[in-house]
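Written out below as structure tokens is the structure these notes cover.
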Amino acid sequence: MSKKFSLAGMITKDGNSLDLKTGDWRIRYPVHLKEKCKHCMLCVVYCPEDCIRHTEDAKLLGMDLQYCKGCGVCAKVCPFDAIEMKSDV
Amino acid sequence: MAIRERLSGNEAVATAMKQINPDVVAAYPITPSTEIPQYFSNFVANGTVSTEFIPVESEHSAMSACIGASAAGGRVMTATSSQGLAYMWEMLNIAAGMRLPIILIDANRAISAPINIHNDHSDSMGARDTGFIQLYCENNQEAYDNTIMAVKIAERAKLPVMVCYDGFITSHSVENILLMEDEEVKNFIGEYTPEEYLLNPDRNISMGPLALQDSFFEFRKQLADAMVESKEIIKEVSSEFAKVTGRNYGLYEKYMLDDAEVGIVILNSSAGTAKDTVDELRAKGVKAGLLKPRAFRPLPYVEITNELKNLKALAIMDKADSINAYSGPLFSEITSAMYTAKLDIPTINYVYGLGGRDVKTDDILTVYEKLLQIASSGKIDQVKHYLNVEE
Amino acid sequence: MIEIRWHGRGGQGAKTASLLLADAAFNTGKFIQGFPEYGPERMGAPMTAYNRISETEIRIHSNVYEPDYVVVVDDSLIGAVDLLKGLKEGGAVLVNTAENIEKIREKLGNFKGRVYTIDASKISNECLKANYPNTSLLAAIVNITKIMNKEDLLENMLESFKHKFSRKPEVIEPNMQAIKRAYDEVIGG
């Protein structure tokens, strides 16, 4: 049996979602409009890929495009129109 | 010290389960295996075992619960028959695909329709390619012994095991049996210590993931390889068992086969009946013999083919019919192995005993008579025969 | 090897009787088989059960077709079922009946072997105040087959009843009484 394949596909390492660059799937990307942002953190909670970066004291820094798959949820839920989706292609 | 007892097949298996004391038993009753969860739930209620008994609402759920419990790290068993096994089918594949050492007791029964509660092998033969190891048993002693050995085989091979014995004929017939001491069973099977399990607080793991074009094939190959490797594991465990009990089991049993000219391949209880027929024939100077596979999965095709090579005529007996306009499953597989081994012996197929049609020594005798004709003429008029059926 | 076929009706305990006999023979060191033929399990429908008793391991797993002994639990089966089918000429038939043995012999036609009768229902009614002919038939068939002697039978059954009726010890003695009577009261030959 090749070492590359674990027994029955068992995943024995945690935190391995970091290995999967979901950003590859993207056809749209979010732009963070800093002047409108009130740092409410709603987009952070909604992001399915947990790729919106922020400081420990809740200051939004921007999106990690390696993992952002361009779903647009963040732009949709932002109460201040502080995230704008742009085409990647 | 062996304990001399008289038990039915179901009682014997329930006793083995009591001695194994698994972590979880999840079962849904169905004739003729009903007595197993019935006896076992008594053991649970009386505190004889420390097992968590899950009385599920269907066989699909029984196997699902077994899969969950086994993945969690438990030693897990269930029992079923016929339609129950059919209803489990989807989950059987998952149990094997996830490489979980679940023990399934199958009191073999016909598959409907028409509805019938009696014995044949249609149920387990229908599940032959699910990735379960299948051990077939001639009598209650073998059912008991194989249930105990199955635990060790499953855990070492990381494959589920199905222990198959004939419904009613074995399950409900009281016969002499030699039981092991509780302590002997406990020492023989040892503690189950899975390498990986979901309830391990020190490791976060995930089981049964999605695997697509880039890896699914490799995982299925792993499973196929495990079945190949299980052959040696069965032999190993059986020789360890022989050291404790003195009872020897291989991948198959042969009876008067070495110098035989006419032979049959036959599973389970009818093999016992056929041994009496062989004795009758031998007394008349006829060189008759038989081979009884114990492991049908893995199929010891090289070994079996090698044992058959000196026969002048061979009948492969199927207590299940493949509705394929050709032959029963045992015949298809063994003749295919013979072909690749370039073993050219006149071979015929008999389908027998469906739905509990009784198989007498005289019925088996007609098979040997047919073989003697073939051995002397070298001619086969037809490949597939039905034993004792009204046309 | 001795082969026995029991004929009864569903609910009369022919299966239990065959298992009791298997038990008793097992206790004297024999190899045994005891099994019923399961059909549509209806109360009152004719049913059969079987025994094999042997000094050596029993490998055959078919029903019994040429019994050495036939036990008829219910005499209303005479004429309704082919009770003597396959019965060996040197064999014997035991019938649970209140009728005269000559009458039973006549009803069974021209069977050349031995015929025995026992009024197991009467014995049961008198000893147990209920119709459980099983144990009485068991004693009678042991007497006929000579599978074991009377002392062994009594010792055996006492052990088995002590176990079986551990919560109802008052029924042990009446059952033992029935066994003793049945062993002695079986007639024919």
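The values are calculated or read from the model by the stated rules, or taken from the named source; none is laboratory data. Fair warning: this is a prediction, and the values are worked out from it, not measured in the lab. As a convention, Cβ positions derive from the backbone with ideal geometry for all residues, glycine included, and neighbour counts pool all protein chains shown. Please note that ligands, DNA and RNA were not included when accessible areas were found on the heavy atoms of the full protein model with its side chains. Shrake-Rupley method; radii C 1.70, N 1.55, O 1.52, S 1.80 Å.
For segment B:252-386, the Kirkwood hydrodynamic radius comes to 14.6 Å, computed from all pairs of different C-alpha atoms.
Residue A:39 contributes about 60 Å² of solvent-accessible surface, heavy atoms of the protein only, 1.4 Å probe. How would segment B:343-391 be classified by its alpha-carbon gyration tensor: rounded, prolate or oblate, with rounded meaning a/c under 1.5 and the a/b versus b/c comparison settling the rest? In terms of gyration-tensor shape, prolate.
Between residue C:150 and residue C:130, the FRET efficiency from the beta-carbon distance, with R0 = 30 Å, is close to 0.80.
Compactness check for segment A:32-89: Cα Rg over 2.2 N^0.38 Å is 1.03. Helix-only mean residue ellipticity at 222 nm, chain B, DSSP H runs n ≥ 4 weighted -39,500 (n - 2.57), per residue, nearest 500. What is it? The per-residue figure over chain B is -13500 deg cm²/dmol. Take the accessible area of C alone and of B alone, subtract that of the pair with a 1.4 Å probe, and the total buried over both chains is about 2000 Å². Placing R0 at 41 angstrom, the Cβ-Cβ distance between residue C:42 and residue B:283 gives a FRET efficiency of 0.45 after rounding to 0.05.
Please report the carbon-and-sulfur percent of the accessible area for the protein assembly as shown; probe 1.4 Å, protein heavy atoms only, DNA, RNA and ligands left out. Whole-percent figure for carbon plus sulfur exposure: 52. Only protein heavy atoms count here; on that basis, with a 1.4 Å probe, residue A:89 has an accessible area of about 150 Å². Interface size, chains A and B: roughly 1200 Å² of accessible area buried, both sides included, 1.4 Å probe, rounded to the nearest 100. For chain B, the antiparallel share of DSSP beta bridges with both residues in that region comes to about 25%. How about segment B:88-129: which of its residues lose at least 10 Å² of accessible area in the presence of all protein chains relative to their chain isolated, using a 1.4 Å probe? Residues of segment B:88-129 that lose at least 10 Å² of accessible area once the other chains are added: B:97, B:98, B:99, B:117, B:118. Viscosity 1.306 mPa s, temperature 10 °C: give me the Stokes-Einstein translational D for segment B:3-245 in µm²/s, with Rh taken as the Kirkwood radius over C-alpha pairs. Using the Kirkwood radius from Cα pairs, D works out to 89 µm²/s. Scaled to the globular estimate 2.2 N^0.38 Å, the Cα spread of the protein assembly as shown, given as radius of gyration, is 1.22. Summary of the geometry: segment B:37-58 and segment B:314-360, compared by the centres of their Cα atoms, lie 39 Å apart. Restricting the GluC sites (Glu not before Pro) of segment C:6-76 to loop positions (DSSP other than H, G, I, E, B) with no more than 15 neighbouring Cβ atoms within 10 Å leaves C:41, C:55, C:57. With a cut-off of 12 Å between beta carbons, the residues surrounding residue B:291 carry a summed charge of +1, where Lys and Arg count +1 and Asp and Glu -1. Net length available on complete extension from residue B:309 to residue B:156 is 51.9 nm, with 0.36 nm assigned per residue and the Cα-Cα distance removed. Only helices enter the 222 nm calculation for chain C: every DSSP H run of n ≥ 4 contributes -39,500 (n - 2.57), and dividing by all residues gives -11500 deg cm²/dmol, rounded to 500. Ordering A:47, A:25, A:71 by the projection of their Cα atoms onto the charge dipole of chain A, which places +1 on the Cβ of Lys and Arg and -1 on the Cβ of Asp and Glu, puts A:25 at the extreme positive end.
Using the Cβ of residue B:100 as centre and a radius below 14 Å, the other residues enclosed give a net charge of 0, where K and R count +1 and D and E count -1.
In chain C the Cα-Cα distances spread across 10 Å bins starting at 0 as 10, 39, 39, 12, 1 percent of all pairs. Taking a straight line from the alpha carbon of residue B:186, these lysines sit under 27 Å away, with near neighbours fewer than eight places off in the same chain left out: B:18, B:152, B:158, B:231, B:235, B:243.
Mean partner shielding of peptide C:63-76, defined as the number of other chain Cβ atoms within 10 Å of each residue Cβ, is 1. Taking the average, over residues, of other Cβ atoms within 10 Å as the packing measure, peptides C:150-158, B:99-107, C:117-125 rank B:99-107, C:117-125, C:150-158 from highest down.
Amide hydrogen proximity for residue B:26: with H placed 1.01 Å from N in the peptide plane, the residues at 5 or more positions away or on another chain lying under 5 Å are B:54, B:77. A Cβ-based charge dipole, computed about the Cα centre of segment B:137-281 with Lys and Arg at +1 and Asp and Glu at -1, lands at about 480 debye.
Amide H contacts for residue B:134 (H built 1.01 Å from N in the peptide plane; partners 5 or more residues away or on another chain; cut-off under 5 Å): B:162, B:296, B:297. Within chain C, the whole DSSP H helices whose Cα atoms reach 15 Å or more along their own axis and whose mean Kyte-Doolittle score is at least -1.0 are C:14-27, C:134-145.
With each label modelled as a point 7 angstrom along the Cα→C-beta vector, the residue A:19-residue A:34 pair spans 3.6 nm.
Taken per residue, the accessible surface of chain C reaches 46 Å², heavy atoms only and a 1.4 Å probe.
Its Cα centre serving as origin, the protein assembly as shown has a Cβ charge dipole (Lys and Arg +1, Asp and Glu -1) of approximately 640 debye. Between residue A:77 and residue A:57, what's the calculated FRET efficiency when r is the beta-carbon distance and R0 is 30 Å? Round to 0.05. Efficiency, rounded to the nearest 0.05: 0.90. When you filter the GluC sites (Glu not before Pro) in chain A for DSSP loop state and at most 11 other Cβ atoms inside 10 Å of their Cβ, you are left with A:35, A:56. Comparing Cα centroids, segment A:55-76 and segment C:7-47 end up 77 angstrom apart. For the residue pairs A:36/A:59; C:112/C:180; C:103/C:150; B:360/C:88; B:309/B:342, the alpha carbons lie more than 19 Å apart in C:112/C:180; C:103/C:150. The mean number of Cβ atoms from other chains found within 10 Å of a Cβ in peptide C:22-31 is 2, as a whole number. Between the alpha-carbon centres of segment B:152-216 and segment B:101-147 there is a gap of 16 Å. Solvent-accessible area per residue in chain B equals 40 Å², computed with a 1.4 angstrom probe and all protein chains kept.
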